[in-house]
Amino acid sequence: EMSDVVVNYTDLTGKPHSIPPLWALGFHQCKWSYYPESEVKQITQKFRDLQIPCDAIYLDIDYMDGFRCFTWDKNHFPDPKRMVKELE
């Protein structure tokens with residue numbers, strides 16, 4: 001029986017403790033960089049207009065202030081929380 005095969009296989013390889021969020025399994029878009037915020041919005045709108053699936057977009061390093069981790073360039077991204085909320 002197939003169910004026995006699955007049980008034996010997962011006993012051998014392990015069972016997942018949790019499933020990742022659905023967006024993490026979806027379609028992701030990335031290139032060298034998207035900036036400023038207006039370009040991010042333009043690109044995401046184009047995907048929607050063309051009905052191209054896109055569950056995540058990566059901004060690469062140009063969103064950072066001086067390429068420092070955990071910072072935002074306020075000139076290119078004045079309100080990151082608002083931008084992310086608008087893109088949801």
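Coordinate-derived values only; no laboratory data. Because the structure is predicted, anything quoted here is derived from the model rather than measured.
Relative to the longest principal Cα axis of the chain, at what angle does helix 2-13 sit, 0 to 90 degrees, rounded to 10?
The answer is roughly 70 degrees.
Please work out which option in (1) 50; (2) 55; (3) 43 gives percent of Cα pairs over 19 Å apart calculated from these coordinates, and answer with its label.
Computed from the coordinates, percent of Cα pairs over 19 Å apart corresponds to (2).
Compute the length gained on full extension between Val6 and Ser33: take 0.36 nm times their separation in residues and subtract their Cα-Cα distance, giving the result in nm to one decimal.
5.5 nm
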